[in-house]
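See structure below.
The values are calculated or read from the model by the stated rules, or taken from the named source; none is laboratory data. This structure is a prediction, so every number in the text was calculated from the model and none was measured. Ligands, DNA and RNA are stripped out before the accessible areas are found, and what is left, the full protein with its side chains, is counted by its heavy atoms. Shrake-Rupley method; radii C 1.70, N 1.55, O 1.52, S 1.80 Å.
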Amino acid sequence: MFPGGQPDRPISVKSIYLACRSAARKAHITKAIHPHSLRHAFATHLLEAGCDIRKIQLLLGHARLETTARYLHVADLAVRSTTSPLELLDPIELLQTILPKR
């Protein structure tokens with residue numbers, strides 16, 4: 001799929017690493033970036049976009065769903081911005097339904 005210096009040989013692991021490192025430098029990313037980081041980012045973006053975790057599992061090639069769940073790094077902002085179903089309730093209306101009428 002990705003030929004190396006010789007057309008009948010695949011690209012080397014080192015070449016992939018160096019290309020990833022070069023791209024990170026050009027993008028002014030100071031954090032250490034490795035090819036595996038792209039896999040984590042891909043899975044996280046899919047999850048944040050609402051993709052089903054089972055589909056992510058299949059895309060990543062994991063046999064066990066637990067592996068995918070452990071593997072995903074959900075952005076803290078996405079977790080914090082999730083609205084609780086309780087926040088959607090009207091507190092006055094809720095109190096009127098649970099308190100006895102006088």
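Scan the stretch 35-55 for residues that are modelled with pLDDT under 85 and part of a loop (DSSP other than H, G, I, E, B) and the total you get is 2.
When the residues of the stretch 1-28 are filtered to those that are in a loop (DSSP other than H, G, I, E, B) and open to solvent by 80 Å² or more (accessible area, probe 1.4 Å), the one that is modelled with the highest pLDDT is H28.
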